[in-house]
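Right, one structure below, let's go through it.
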Amino acid sequence: MIPLVQICVVVATLALVAIAVAIIRAMYCVEKATVQVSKLTGEIQQWIVQANEFTREAREAVASVRGVVAPIRRVVDRFETLGERTADLSAAVLGEVEPPLRTAVAVARGMRSVTAFFLERLSHRFTHGRSATNGGSDGE
């Protein structure tokens, strides 16, 4: 029985050595993972710092934009009022000027039409009158 016990002790010892080797390898892998997690944590902390800085800058930009928006709105409101007043003034001026201007244009067109009619009649009369006189003197 002694050799059987010795074999069992050797097998048990080998099993313990194998377990110890497996635990050492696992500890090495855990150590590598811990180092990588530490590096990643450092990078994440840098990203968080950058994100905080970006957020602070964005808040400052939004605050400055808010400060500019109110005066711009006031200027836009003033331009809107000015535009309405200009449109009203233009409409009033056109309302006063347009009817007499239309009348003047109509009178000018009428005068041109009457003048053209009289000039055509006059030129027609002189043209026909001369040909009748010229025709009579050539025939004699």
**OP:** May I ask you to list the chymotrypsin sites (Phe, Trp or Tyr not before Pro) in the range 14-82 that are in a DSSP loop and have at most 15 other Cβ atoms within 10 Å of their Cβ?
**Re:** none
Original post:
Summing -39500 (n - 2.57) over the DSSP H runs of n ≥ 4 in the chain and dividing by its residue number, what mean residue ellipticity at 222 nm do you reach, to the nearest 500 deg cm²/dmol?
Top reply: -38000 deg cm²/dmol
Subject >> Two-site FRET efficiency, ALA26 against LEU4, from Cβ-Cβ distance with R₀ of 35 Å, rounded to 0.05 >> reply: 0.60
Subject >> (i) 77; (ii) 34; (iii) 27, with the label sought being that of the calculated percent of Cα pairs over 26 Å apart >> reply: (i)
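Bear in mind that the values in this text are calculations on the coordinates, not laboratory data. It should be emphasised that the depicted structure is a prediction, and the values quoted were computed from it without experimental measurement. Neighbour counts run over all protein chains shown; Cβ positions are idealised from the backbone, glycine included.
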